[in-house]
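A.B. asks: Submitted below is the structure of interest, expressed as C-alpha cells.
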Amino acid sequence: MLSNELYITGAGVSASSGIPTFRGNDGFWTIGSKNYTPQEMATRSMYENNPGDFLLWYFKRFASYRSVKPNPAHYWLSDKMLITQNIDGLDGKAGNKDYISIHGRLDKVVYYDDEMKYQVPFDAEWNEINIEDSLDNIILKNKLLKKFNIQLINNIPVPKRGKSLKPYVLLFDEMYTDLYRITEAENWMKNASKIIFMGTSFSVNITSIALRIAISRGLDVDIVDPEPIKLDYENIEYFNMTAVEYCNMRNLKS
C-alpha cells in the first residue's frame with residue numbers, strides 16, 4: 001500500500017460500472033419483491049423462514065451483476081488501504097489483494113451457522129446457474145435451493161446449520177462481526193493518517209464509526225461525491241465530483 005491514507009467507499013464508486021446505487025430510483029434497497037420491501041427481504045430471518053424467496057430475490061438483484069467489470073476508480077484504489085461497503089467484488093477484480101469488504105461479497109458464500117462464528121468465505125460459483133434459468137422463477141428457485149444445500153422437511157425448505165450455504169453478505173438484522181473483519185477495519189481507522197470517503201451517503205453504521213474515530217483523532221477528512229453531504233467537522237475538504245474524476249485529479253497531482 002502506498003500510504004496510510006484510508007479510503008472508505010460506497011455505491012457511488014461502482015455507479016460508473018453500471019451498478020445501481022442502493023437508494024436511487026433503481027437501487028437495491030428501493031426495489032423489493034412482489035410482497036416484501038428490500039428491508040424485509042435482505043434479512044437473516046427471511047433466509048431462515050423463506051429461503052426460496054430470499055435466494056430468488058438475492059440472485060435477481062445482486063448475482064445478476066456478477067460479470068460487471070471494474071472502472072478506473074477501482075483500478076486506482078487497487079493498491080490503497082480500502083474498506084468498501086460494496087458487495088460487488090469489483091475491488092478484488094481490479095487487483096486489490098487485501099481490501100476489507102465490510103458488508104460481504106456477492107462472489108463468495110459461507111456456511112449457514114451462528115453469525116458470531118468465524119469462517120473463511122469461498123467462491124460462490126454462480127456460473128453453475130444458467131441465465132436461461134432466470135426466465136422461470138420456479139426452476140430458478142429450485143436450482144438455488146439445491147445449490148445452497150437447503151433441505152426439504154415435510155416439503156418445506158429449511159436451512160441446516162453447518163451444511164446449508166448462505167450468501168456472504170451482511171443482512172439488515174445481522175451485526176458487524178469478524179466474519180466481515182470489523183476488528184481489523186476499526187484498527188485501520190485508528191491508525192490511518194487521513195480518511196477519504198468516496199461515493200457514500202453516510203447512511204450506514206460503518207461510516208458513522210469511521211467518522212467518529214476521525215473526529216476523535218483530529219484527522220483530515222476528504223468527502224468525494226457529486227452532491228456531498230455536509231458534516232459538522234472543520235477538518236473536512238469536499239470534492240464535488242465522481243470517484244473517477246477524483247482519482248484522475250489525484251493522478252495528475254502525483
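The values are calculated or read from the model by the stated rules, or taken from the named source; none is laboratory data. Everything numeric here is computed off the predicted structure, so don't read it as measured data. Positions of Cβ are backbone-derived with ideal geometry, glycine not excepted, and every protein chain shown enters the neighbour counts.
A.B. asks: What's the total number of residues in the stretch 98-118 that are touching a helix residue (DSSP H, G or I) at 6+ places or on another chain (Cβ under 9 Å) and either exposed (fewer than 15 other Cβ atoms within 10 Å of the Cβ) or on the phi > 0 side of the Ramachandran plot (or both)?
C.D. replies: Matching residues across the stretch 98-118 total 4.
A.B. asks: If Thr183 satisfies every condition in (1) crowded, with 16+ Cβ neighbours inside 10 Å; (2) farther than 26 Å from Trp126 by Cβ; (3) not basic (Lys, Arg) but one, which is the exception?
C.D. replies: (1)
A.B. asks: Is it the case, given these coordinates, that Val109 is in a loop (DSSP other than H, G, I, E, B) and among the β-branched types (Val, Ile, Thr)?
C.D. replies: Values: in a loop (DSSP other than H, G, I, E, B): no; among the β-branched types (Val, Ile, Thr): yes.
So Val109 fails the test.
A.B. asks: Collect the residues in the stretch 200-224 that are crowded, with 22+ Cβ neighbours inside 10 Å and modelled with pLDDT of 95 or more, keeping them in residue-number order. Steps first, please.
C.D. replies: Here is the first cut: in the stretch 200-224, the ones crowded, with 22+ Cβ neighbours inside 10 Å are 200, 206, 210, 214, 223-224.
Correct list: Ile206, Ala210, Ala214, Ile223, Val224.
A.B. asks: Assuming Gly92 fulfils every condition listed in (1) over 13 Å from the mean Cα position of the chain (by Cα); (2) assigned to a helix (DSSP H, G or I); (3) surrounded by fewer than 21 Cβ atoms within 10 Å (Cβ to Cβ); (4) not aliphatic (A, V, I, L, M) apart from one, which condition is it?
C.D. replies: (1)
A.B. asks: Touching a strand residue (DSSP E or B) at 6+ places or on another chain (Cβ under 7 Å), at pLDDT below 90, part of a helix (DSSP H, G or I) and surrounded by 19 or more Cβ atoms within 10 Å (Cβ to Cβ), is that true of Tyr58?
C.D. replies: yes
A.B. asks: Do we have any residue at all in the stretch 153-168 that's surrounded by 20 or more Cβ atoms within 10 Å (Cβ to Cβ), touching a helix residue (DSSP H, G or I) at 6+ places or on another chain (Cβ under 8 Å) and among the charged types (D, E, K, R)?
C.D. replies: For the stretch 153-168, residues surrounded by 20 or more Cβ atoms within 10 Å (Cβ to Cβ), touching a helix residue (DSSP H, G or I) at 6+ places or on another chain (Cβ under 8 Å) and among the charged types (D, E, K, R): present.
A.B. asks: Sort out which residues of the stretch 40-55 are modelled with pLDDT of 90 or more and not in a loop (DSSP other than H, G, I, E, B), and write them in order of number.
C.D. replies: Arg44, Ser45, Met46, Tyr47, Glu48, Asn49, Pro51, Gly52, Asp53, Phe54, Leu55
A.B. asks: Out of the stretch 66-83, which residues are assigned to a loop (DSSP other than H, G, I, E, B) and either polar (S, T, N, Q) or touching a Phe, Trp or Tyr at 6+ places or on another chain (Cβ under 7 Å) (or both)? Even if it seems obvious, please write down each step before you answer.
C.D. replies: Keep residues of the stretch 66-83 that are assigned to a loop (DSSP other than H, G, I, E, B), which gives 66-71, 80.
Hits for the stretch 66-83 are Arg66, Ser67, Asn71, Lys80.
A.B. asks: OK, next. Under 6 Å between Cβ atoms, which residue pairs at least 6 apart in sequence (or on different chains) link something in the stretch 45-58 that is free of Cβ contacts under 8 Å to residues at least 60 places away in the same chain with a partner that is of a type in the set (S, T, N, Q)?
C.D. replies: Trp57/Ser33
A.B. asks: Exactly one of these conditions fails for Lys163: (1) under 23 Å from Ala73 (Cα atoms); (2) among the charged types (D, E, K, R); (3) part of a loop (DSSP other than H, G, I, E, B). Give me its number.
C.D. replies: Tallying (1) under 23 Å from Ala73 (Cα atoms); (2) among the charged types (D, E, K, R); (3) part of a loop (DSSP other than H, G, I, E, B), Lys163 fails exactly one: (1).
A.B. asks: Got at least one residue in the stretch 127-142 being in contact (Cβ under 8 Å) with a residue 24 or more places away in the chain, part of a helix (DSSP H, G or I), among the hydrophobic types (A, V, I, L, M, F, W, C) and touching a helix residue (DSSP H, G or I) at 6+ places or on another chain (Cβ under 9 Å)?
C.D. replies: yes
A.B. asks: Can you go through Thr21, Thr37 and tell me which one is β-branched (Val, Ile, Thr), closer than 30 Å to Ile213 by Cβ and either buried (at least 18 other Cβ atoms within 10 Å of the Cβ) or modelled with pLDDT under 95 (or both)?
C.D. replies: Selected residue: Thr21, the only one of Thr21, Thr37 that is β-branched (Val, Ile, Thr), closer than 30 Å to Ile213 by Cβ and either buried (at least 18 other Cβ atoms within 10 Å of the Cβ) or modelled with pLDDT under 95 (or both).
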